[in-house]
Ligand code: TXA
Ligand code: MG
């Protein structure tokens, strides 16, 4: 089938295109169109065959009911029975908008549309294109999200094309949607009323009219649970190709945990995708990082979520890890969809970060231009099972200095270089709880312990490895002595690397 694709401007709607869409719908054809939540795959809701075609195009099981979209409240009279007393208040407050309400259905609505249920889900979208399409198509348009079943819902016409081109009659391209996650589903056929799917109309907003409204999130988070109320919940949804895991903790812990995993996976030859925020995206050094928006702007996160998940299907990543986001307001809907996309794999950040004791290894010497510089560079050249920020500092550094010339010469003879490094003084900011400070001499250790009270892990390098002697400065001695210093340091660094790697495996 050749799919007609038409661009359409929400604020200057070309009615010829709308008429064409209307004719296709009335003939029982399929037209994808934008709504404020996600793109919908429209069909005549009162036509059984159109419902059948919808399931086929989506590859969706036919017991998963469709939402009937209407353009005005009068349209309800035809398709529902025994309306709940709060209907008008709800409609007045939330329609048109991102709220779907479940009612008892009338005989006019075919069971093919409702997946065999005696109830019908109805929504009145706000998007101007959607409203025109509904009217032109006869007033009752069923529209599931216009994605292949199991893929993220489409938030742009390009997403719809990826999944539906060649399978449906027409796609109306109205640009990006405004909200980005599907409507809230509210079941008014049960008492107390129940939210079956969170969306942009939040529980708090609904409580103003329905003080006893409950959320049936339990049925959402147990996809294989007993006969879920919204049948769509029992299927794996919104799933990206690579397995997704949500890491949950404070933003700092999440970054540490995901960095740690990305580093580990890279060592196993695996490629990791990372869903980050604009605040954290720059903090990752390994992996394909995509920012979903600013942490405090939940609306932008909702809008970008499905697009980012789809983008990862084009990257050949083996695993995806996502930071977690606030559950406030629309955040509940965001975490609900992300949870589904992850198949509910959620891991505490601390469970991961606890597996790595140190994240920074800081070598300290007197002037910081020789022993500690050499040690740090030697360690950087070791194969380590975990990622460390490896650096060196001096206790008496008045201004930045390059490496000691003899130290540099010796390193060069061994195929290493100290060029580009400059000395810097130790400051409190260099030492975190997960910093291992290794000094060359006993005196340096005591100085740090007394002057930097917050430093938890300060040892002499020798002490850490269980060796008796200090590592003394070779300053002013002939090059040969620097050679000996190099040998000793190199030896100790190999031991240190082994020790760190051993700890990493515990
Ligand atoms: O924002 C939206 O609601 C979008 C746009 C296109 O309007 N549509 C949408 O449709 O998300 P769909 O088919 O992808 O999701 C509809 C959900 C499914 O989980 C389905 O099981 C549930 O609504 N549903 C539909 N009719 C129902 C009914 N009678 N009782 C319980 N759940 C119902
Ligand atoms: Mg859907």
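The values are calculated or read from the model by the stated rules, or taken from the named source; none is laboratory data. None of the values given here were measured: they were computed from a predicted structure. Don't worry about glycine lacking a Cβ; one is built from the backbone with ideal geometry, like all the others, and counts go over all protein chains shown.
Quick test for you: out of 195, 185, 209, pick the one residue that is away from ligand 1 (no atom under 13 Å from the Cβ) and either part of a strand (DSSP E or B) or modelled with pLDDT of 95 or more (or both).
On the way: 195 fails: away from ligand 1 (no atom under 13 Å from the Cβ); 185 fails: away from ligand 1 (no atom under 13 Å from the Cβ).
Exactly one of 195, 185, 209 is away from ligand 1 (no atom under 13 Å from the Cβ) and either part of a strand (DSSP E or B) or modelled with pLDDT of 95 or more (or both), namely 209.
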Original post:
Just a yes or no: is a residue in region 465-480 under 25 Å from residue 253 (Cβ atoms) and out of contact with any helix residue (DSSP H, G or I) (no Cβ under 9 Å at 6 or more places or on another chain)?
Top reply: no
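For every residue, the table says whether it meets (1) more than 19 Å from residue 42 (Cβ to Cβ); (2) out of contact with any helix residue (DSSP H, G or I) (no Cβ under 9 Å at 6 or more places or on another chain); (3) surrounded by 22 or more Cβ atoms within 10 Å (Cβ to Cβ).
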site	(1), (2), (3)
78	no, yes, no
88	yes, no, no
129	no, no, yes
148	no, no, no
153	no, no, yes
162	no, no, no
169	no, no, yes
Original post:
Considering only residues of region 272-285 that are in contact with a strand residue (DSSP E or B) (Cβ under 7 Å, 6 or more places away or on another chain) and closer than 24 Å to residue 383 by Cβ, which is surrounded by the fewest Cβ atoms within 10 Å (Cβ to Cβ)?
Top reply: 284
Subject >> Looking only at region 78-123, and only at residues there that are in contact with a strand residue (DSSP E or B) (Cβ under 7 Å, 6 or more places away or on another chain) and assigned to a loop (DSSP other than H, G, I, E, B), the one that is nearest to residue 15 (Cα to Cα) >> reply: 98
Original post:
Can residue 158 be described as at pLDDT 95 or above, out of contact with any helix residue (DSSP H, G or I) (no Cβ under 8 Å at 6 or more places or on another chain) and farther than 22 Å from residue 94 by Cα?
Top reply: yes
Original post:
In region 439-466, how many residues are touching a residue at least 40 places away in the same chain (Cβ under 8 Å) and within 37 Å of the chain's Cα centre (by Cα)?
Top reply: 1
**OP:** Go through (1) within 30 Å of residue 178 (Cβ to Cβ); (2) within 16 Å of ligand 1 (Cβ to nearest atom); (3) assigned to a loop (DSSP other than H, G, I, E, B); (4) at pLDDT below 95 and name the single condition residue 201 misses.
**Re:** (4)
Subject >> Out of 306, 319, sole residue that is at pLDDT 95 or above, surrounded by fewer than 20 Cβ atoms within 10 Å (Cβ to Cβ) and touching a helix residue (DSSP H, G or I) at 6+ places or on another chain (Cβ under 8 Å) >> reply: 319
Original post:
Any idea which of 27, 93 is within 34 Å of the chain's Cα centre (by Cα), at pLDDT 95 or above, farther than 15 Å from residue 135 by Cβ and more than 10 Å from ligand 1 (Cβ to nearest atom)?
Top reply: 93
**OP:** Would you mind telling me which numbered condition in (1) over 25 Å from residue 479 (Cα atoms); (2) surrounded by fewer than 19 Cβ atoms within 10 Å (Cβ to Cβ) residue 342 fails?
**Re:** (2)
